[in-house]
Structures are given as structure tokens and as C-alpha cells.
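Just below is one structure, and these are the notes that go with it.
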Amino acid sequence: QVQLVESGGGLVQAGGSLRLSCAASGSTFTINGIAWYRQAPGKQREMLAAISNLGGTNYADSVKGRFTISRDIGKNTVYLQMNSLKLEDTAVYYCNAHTISIDYWGQGTQVTVSS
């Protein structure tokens, strides 16, 4: 079992920045990679950024150049640095841990970008 806890969401003005954290606990040795997703009202959940257990990263085109995923292995924590935030970035942001057998999800953290 893996537990994921997201934090760092909140209200920010357009053009501002936020850093989200995803703290993993439990059987973290089973994790192959961690990704950040978001879901806006009335829209499908979309993958934003992912980092593998070897450190490789990939990004959705919608956030490339604005968002950066990183990790602190010692803290079992993955971060999502979000810069130049736009109104359309408003959503609930979720952390996902992929293992060989199952995906785990956090409870989500709300990010609201205001004008």
C-alpha cells in the first residue's frame, strides 16, 4: 500500500507561482513513477507532468516551460513548481503513484487562479 498526501494548493493571482508537494509513504519501494494530474470542473482529468524512479521527466504541452516536476528522494516527496499561472490552470491537482500492479491517488489539492 502507498499513501499520497498533496499540499501547497491555494489561491493565486494570474502570473503568480505555487509549489505543490506530494508526500508518499508506505510501500514506496514499489513505485515506478509519480505524476501530477489535474481536473477542472466539467473536464477530464489530464496528466501534467511525470517523473520516473530513474529521474526521467515528461510534460504535457499545456504546461511545458511553465511547470517543473522534481523530487526529494530522502523525503519521498515529489514537487510541482508552477509558474506563470493562468486562469485556465484552476483545477484540483492530484498526485498519482504508478506501481507494477496498481495506481494510487492522493486526495487532491485545489488551485485557484484569479484575475
Q: Please verify whether region 73-84 includes one or more residues that are without any contact (Cβ under 8 Å) to a residue 40 or more places away in the chain and within 15 Å of the chain's Cα centre (by Cα).
A: no
Q.
Just to check your reading of the model, which residue among S7, S21 is open to solvent by 20 Å² or more (accessible area, probe 1.4 Å), within 12 Å of the chain's Cα centre (by Cα), under 19 Å from Y59 (Cβ atoms) and hydroxyl-bearing (S, T, Y)?
A. S21
Q: Could you grab me the full set of residues in region 93-107 that are in contact (Cβ under 8 Å) with a residue 40 or more places away in the chain, surrounded by fewer than 18 Cβ atoms within 10 Å (Cβ to Cβ) and over 14 Å from F29 (Cβ atoms)?
A: W105, Q107
(Q) I'm trying to understand the selection: among the residues of region 65-92, which are among the aliphatic types (A, V, I, L, M) and open to solvent by less than 50 Å² (accessible area, probe 1.4 Å)? (A) I69, V78, L80, M82, L85, A91, V92
**Q.** Residue, surrounded by the most Cβ atoms within 10 Å (Cβ to Cβ), within region 24-38, restricted to residues that are among the hydrophobic types (A, V, I, L, M, F, W, C) and over 17 Å from S84 (Cβ atoms)
**A.** I34
Q: Please state which of the following conditions A50 fails to meet, knowing it meets all the rest: (1) closer than 19 Å to T99 by Cβ; (2) touching a residue at least 24 places away in the same chain (Cβ under 8 Å); (3) among the small types (G, A, S).
A: (2)
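The values are calculated or read from the model by the stated rules, or taken from the named source; none is laboratory data. Predicted, not measured: the structure shown is a model, and the values here were computed from it. Because the Cβ atoms are built from the backbone with ideal geometry, glycine has one as well, and the counts that use them run over all protein chains shown. In case anyone asks, the SASA skips ligands and DNA or RNA and just uses the protein heavy atoms, side chains included. Shrake-Rupley method; radii C 1.70, N 1.55, O 1.52, S 1.80 Å.
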